[in-house]
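**Q** Handing you this structure, nothing more for now.
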Amino acid sequence: MFWISVILLFVLNGCNGYQPKFTEPIGNITVPVGREAMFTCYVHGLGGYRVGWVKADTKAIQAIHDHVITHNARVSVSHTDDSTWNLHIKNVQEEDRGQYMCQINTDPMISQMGYLDVVIPPDIIYEDTSGDVMVPEGGTVKLTCRAKGYPKPHVLWRREDGREIVIKDASSTKTKVTTYQGEMLRLTKVSRSEMGAYLCIGSNGVPPSVSKRITVSVHFHPVISSPSQLVGAPKGTEVKLECNVEAFPKSINYWVRESGDMVITSDKYQTNSTHKSIFEDQMVLTIKSVEKYDLGSYRCIAKNSLGEVESSIRLYEIRGLDDNEDDDISDLSDLYPESYTETHHISGGSGASGSVGGSGVSGNGVADNRNRTKHRHHTDSYSPTPSPSASTRLIPPFYRTIEYL
């Protein structure tokens, strides 16, 4: 072989006596790029023979005994007495990967080999990887992430907030997963709940893993809602009006009186907006010490580049008995311009549970034989006297916020 002739150049001792031998195998080494690798050759009875190192795949002599032959400045040798011989490779590079031979110039030559595997941590290939994307609600987005390294890295996707990734197939069947394997992540019929940051993570068992953050923005026109569209409060008290807004891009939110005047923060009014999520906000208008002037309609308005929406809330006065001491109490229409009576027609049997609220009357139970009806009375309408078999109860507008249906 090629290196035999070269090895013969370093002193050939014609030792006719005891022949040296290897006491342990060299073994294979796996080293991350940039680290140091060291092969150790254990020899017994070296005598006057010499130890050489060769890179087997390129047939390049690295060192003979104490002398470095290669021009690679990262290679050096060391030994402990005549039994332990070391080959050092500093700042290991990918081209250093391969088989290395430790040989002794006996006749015939004896040798043993070890393999150096150079592993490379993963790294994102940014030119082949998606950046932040914008997509209209209901659209499709493809996220691509590619990584390099040795061994070849695999790519995993997950959401930064820990929520599930929604995968839809051709038949629109949804599958929810916490992680997704593959270089490409396809999101179809995207909804606003899928908006946020997605992480592509490349790993190959060589630390550290690497990741890239990709933000998916889902654009849609504003949507606004009010928990209560009719709010009542006595004079002199404080009342809060609320609206919930969903919009992206983020909307401009503000309040307007029915006169068209914009409501701004002052000693009388306080406007607050609380950020609930990337696309959700809660608008709150606080009116201090309610007066007659404050009664009427208030509009909460949300506007972004895709559209404008509004919702109306009406504030009315809740009047107490103390405000009507000089009035004829029998004329309840002055106190309650619009009131409700609950009429229970008892047909026998045991009673069952039920509740009266702004959304109607509800009741259940197998033994429930009570039929309930609710009537709305106006001051200009005739209200018949309930029959003796019915019980009538007036329901005043208690001091609370009710939902206007």
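**Q** Picking from Arg163, Arg159, Arg146, which residue would you name as being among the charged types (D, E, K, R), more than 15 Å from the chain's Cα centre (by Cα) and either closer than 22 Å to Pro249 by Cα or open to solvent by 70 Å² or more (accessible area, probe 1.4 Å) (or both)? Walk me through it before giving the result.
**A** Values: Arg163 fails: more than 15 Å from the chain's Cα centre (by Cα); Arg159 fails: more than 15 Å from the chain's Cα centre (by Cα).
Answer to the selection: Arg146.
**Q** How about region 210-321: which strands (runs of 3 or more DSSP E) wholly inside it have at least 3 residues that are within 25 Å of the chain's Cα centre (by Cα)? Reasoning before the result, please.
**A** Numbers: elements: 210-225, 230-233, 239-248, 252-257, 269-275, 280-287, 296-304, 307-317.
Counting at least 3 such residues, we get 210-225, 239-248, 269-275, 280-287.
**Q** Related question: Which fully enclosed strands (runs of 3 or more DSSP E) of region 109-150 have 3 or more residues being out of contact with any Lys or Arg (no Cβ under 8 Å at 6 or more places or on another chain)? Show your work before the answer.
**A** Values: elements: 110-124, 133-136, 141-144, 147-150.
So the answer is 110-124, 133-136, 147-150.
**Q** Follow-up. Scan region 318-343 for residues that are crowded, with 16+ Cβ neighbours inside 10 Å, modelled with pLDDT of 50 or more and in contact with a helix residue (DSSP H, G or I) (Cβ under 9 Å, 6 or more places away or on another chain) and jot them down.
**A** Correct list: Arg319 only.
**Q** Separate question: Show the residue pairs that are 6+ apart or on different chains and have beta-carbon atoms under 6 Å apart, the first residue being within region 40-68 and in a strand (DSSP E or B), the second being of a type in the set (Val, Ile, Thr) and open to solvent by 60 Å² or more (accessible area, probe 1.4 Å).
**A** Tyr42/Thr23; His44/Thr23; Ile61/Ile69; Ala63/Ile69
**Q** Inside region 185-195, can you point out the residues that are closer than 25 Å to Asp123 by Cβ and either without any contact (Cβ under 8 Å) to a residue 12 or more places away in the chain or open to solvent by 10 Å² or more (accessible area, probe 1.4 Å) (or both)?
**A** Across region 185-195, the qualifying residue is only Arg186.
**Q** What do you reckon, is Val177 open to solvent by less than 60 Å² (accessible area, probe 1.4 Å), more than 28 Å from Asn304 (Cβ to Cβ) and out of contact with any Lys or Arg (no Cβ under 7 Å at 6 or more places or on another chain)?
**A** Numbers: open to solvent by less than 60 Å² (accessible area, probe 1.4 Å): yes; more than 28 Å from Asn304 (Cβ to Cβ): yes; out of contact with any Lys or Arg (no Cβ under 7 Å at 6 or more places or on another chain): yes.
In short, yes.
**Q** Any residue at all in region 39-53 that is within 53 Å of the chain's Cα centre (by Cα) and aliphatic (A, V, I, L, M)? Steps first, please.
**A** Let us first name the residues in region 39-53 that are within 53 Å of the chain's Cα centre (by Cα), namely 39-41.
When the remaining residues are screened for being aliphatic (A, V, I, L, M), the result is none.
No; the residues of region 39-53 include none that is within 53 Å of the chain's Cα centre (by Cα) and aliphatic (A, V, I, L, M).
**Q** Does Val256 count as surrounded by 17 or more Cβ atoms within 10 Å (Cβ to Cβ) and β-branched (Val, Ile, Thr)?
**A** Spelling it out, it is not the case that Val256 is surrounded by 17 or more Cβ atoms within 10 Å (Cβ to Cβ) and β-branched (Val, Ile, Thr).
**Q** From the set of residues in region 259-282 that are among the hydrophobic types (A, V, I, L, M, F, W, C) and open to solvent by 50 Å² or more (accessible area, probe 1.4 Å), which is nearest to Glu194 (Cα to Cα)?
**A** Initially, region 259-282 is screened for residues among the hydrophobic types (A, V, I, L, M, F, W, C), giving 262-264, 278-279.
Checking which are open to solvent by 50 Å² or more (accessible area, probe 1.4 Å) leaves us with 262, 264, 278.
Details: Met262: 34, Ile264: 34, Ile278: 11 Å.
Ranking the qualifying residues of region 259-282, first place goes to Ile278.
**Q** If a residue has to be under 29 Å from Pro249 (Cβ atoms) and assigned to a strand (DSSP E or B) to count, how many in region 178-209 make the cut?
**A** First, pick out the residues of region 178-209 that are under 29 Å from Pro249 (Cβ atoms): 178, 180, 184-201.
Filter again for assigned to a strand (DSSP E or B), leaving 180, 184-187, 196-201.
Number of matching residues: 11.
The values are calculated or read from the model by the stated rules, or taken from the named source; none is laboratory data. Everything quoted here is computed from the prediction, not taken from an experiment. Reconstructed Cβ throughout: ideal geometry from the backbone, glycine too, with neighbour counts over all protein chains shown. With ligands, DNA and RNA removed, areas are computed over all heavy atoms of the protein, side chains included. Shrake-Rupley method; radii C 1.70, N 1.55, O 1.52, S 1.80 Å.
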